[in-house]
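Just below is one structure, and these are the notes that go with it.
The values are calculated or read from the model by the stated rules, or taken from the named source; none is laboratory data. In this text the structure is predicted, and so the values were computed from the model without any measurement. Counting neighbours? That spans all protein chains shown, and the Cβs are built from the backbone with ideal geometry, glycine included. Surface accessibility is based on the protein's heavy atoms, side chains included, excluding ligands, DNA and RNA. Shrake-Rupley method; radii C 1.70, N 1.55, O 1.52, S 1.80 Å.
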Amino acid sequence: MEIRLEGLSKHYGQVAAVDNLELPVRDGEFVALLGPSGCGKTTTLLMLAGILRPTAGTIRFGDKVVNLVPPQERNIGMVFQSYALYPHMTAYQNIVYPLRLRKVPEAEMRQRAEKIAERLEIGSLFSRKPGELSGGQQQRVALARGLIKHPDILLFDEPLSNLDARLRLTTRGEIKRLQREFGITSIYVTHDQVEALTMADRIAVMKAGKLEAYATPNELYERPRTRFVASFIGHPPMNLLPAALAQAGEKTLVHVADTALELPASLAQRLNGNSQSEREVLFGIRPEDLVPDPDGQIAGEVDLVEPLGREDMLVVRAGNTQTQIHALAPVGSGFTTGSQVRLRLDPERIHLFDSITERSLLWS
Ligand code: ATP
């Protein structure tokens with residue numbers, strides 16, 4: 001089922017919880033709504049579910065405007081954070097509950113529950129109550145309940161946040177696999193960028209009620225169009241430093257952290273028409289694109305070494321500035337607080353943002 005949100009807003013007095021949201025979702029697509037706390041993700045989801053009435057705008061499911069359609073008639077499956085399983089009911093009773101509400105005959109309920117349980121491998125748990133199930137099993141029961149009525153749309157609200165890290169990893173893959181298999185259009189609310197990046201076909205990044213970006217995970221990571229997206233997607237986050245652009249003959253230079261970097265032609269071309277050549281900018285480079293190298297362009301002093309397991313994160317004071325930047329070094333590189341270091345960056349991986357509008361000067 002295709003979904004279209006058009007000019008969708010929800011206001012609480014002066015607060016615009018959701019502000020003029022335009023979001024088209026393709027049939028069978030998995031879209032993550034990602035953003036910091038309070039950006040309007042849950043409000044959007046509740047409007048999709050029919051629990052909240054929009055202040056303005058239109059919600060379309062396929063060709064139909066559903067603004068006034070009550071929740072029970074929207075044919076939506078919901079999988080929420082707390083699972084919301086009824087504790088006094090068995091797993092089976094929980095799973096078939098949506099069908100019982102629709103007065104589906106007992107034999108058909110049993111048949112449908114068994115079919116879904118087989119896919120989710122929870123058939124042997126039917127007689128247990130939620131208290132007798134692990135977090136992951138409860139999660140799968142909740143998913144089965146969301147799927148049993150053959151919904152047109154699945155809505156997820158931070159469904160993995162109660163699980164431990166390992167279980168989150170496996171359940172993430174499982175949800176994604178099932179969503180693909182069933183081909184149900186899904187909207188998944190999360191503030192966890194890893195979940196969004198690993199699961200979604202497209203990510204809608206929200207900020208203060210507005211849609212900040214809407215693109216594939218790869219696009220958001222490789223070509224962030226705003227400073228907010230650049231700093232929100234990626235862990236550890238992108239380094240952002242004040243810098244100045246200057247023209248030296250044919251060359252475009254970026255003055256940053258006491259060094260002058262030549263912008264590769266491929267990026268300099270992208271600037272054309274986008275800038276007067278001499279200006280203040282915000283320079284961005286991801287920690288993974290900065291590695292220690294005796295011939296590196298940026299000199300600095302190590303403030304801190306944080307072991308991340310697979311590699312070490314160096315917190316470096318660059319040049320004579322007080323600005324700290326993060327770089328990744330192989331484990332056992334021998335850096336300690338106070339070490340002098342040179343960092344090499346791949347100039348093709350540079351990002352530049354307008355210091356006032358905070359929009360990318362390279363990607364639009
Ligand atoms: P979180 O990740 O913390 O759940 P969220 O992105 O889901 O956040 P929403 O719950 O959608 O954010 O809230 C968006 C904004 O609307 C917030 O500023 C919130 O305080 C406000 N808001 C939500 N519900 C109400 C309400 N009933 N009355 C007034 N303001 C509300």
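Normalised by the number of residues in the chain, the mean separation of alpha-carbon contacts (under 8 Å, six or more apart) gives a relative contact order of 15 percent.
Only protein atoms count toward the accessible area here, which uses a 1.4 Å probe; on segment 243-364, the carbon and sulfur part of that area reaches 47 percent.
For segment 218-297, the relative contact order works out to 31 percent when only alpha carbon pairs closer than 8 Å and six or more residues apart are counted.
Between VAL189 and LEU33, PHE156, ASP157, GLU158, the built amide H atoms are under 5 Å apart, and every one of these is 5 or more places off in sequence or on another chain.
For GLY296, the shell of other residues with beta-carbons less than 10 Å away shows a net charge of 0, using +1 for Lys and Arg and -1 for Asp and Glu. In this rough spin-label picture, where each label sits 7 Å from Cα along the Cβ direction, the PHE182-GLN72 distance is 2.1 nm.
When you restrict to C-alpha pairs under 8 Å that are six or more residues apart and normalise by the size of segment 285-364, the relative contact order lands at 36 percent. Label-to-label distance for LEU304 and LYS251 is 3.5 nm, based on points extended 7 Å past Cα in the beta-carbon direction.
Cross-link partners among lysines for LYS10, C-alpha distance below 17 Å, same-chain residues fewer than 8 apart left out? Qualifying lysines at Cα under 17 Å: LYS41, LYS207, LYS210. The residues packed around GLY40, meaning those with a beta-carbon under 12 Å from its beta-carbon, carry a net charge of +2 if Lys and Arg are +1 and Asp and Glu are -1. Taking 17 Å as the cut-off, the amide N atoms of segment 118-134 that come nearer than this to a point 7 Å along the Cα-to-beta-carbon line of ASP164 belong to 132-134. The angle between the Cα long axis of helix 135-147 and the longest principal axis of the Cα atoms of the chain comes to about 70 degrees, rounded to the nearest 10. On segment 2-121, 51 percent of the accessible area sits on carbon and sulfur atoms, based on a 1.4 Å probe.
The mean accessible area for residues of the chain, using a 1.4 Å probe and ignoring ligands and nucleic acids, is 47 Å² per residue.
Using the Cβ of ASN20 as centre and a radius below 10 Å, the other residues enclosed give a net charge of -2, where K and R count +1 and D and E count -1. The angle between the Cα long axis of helix 91-101 and the main principal axis of the chain comes to about 70°, on a 0 to 90 degree scale. For segment 86-163 versus segment 306-345, the spacing of their alpha-carbon centroids is 49 Å.
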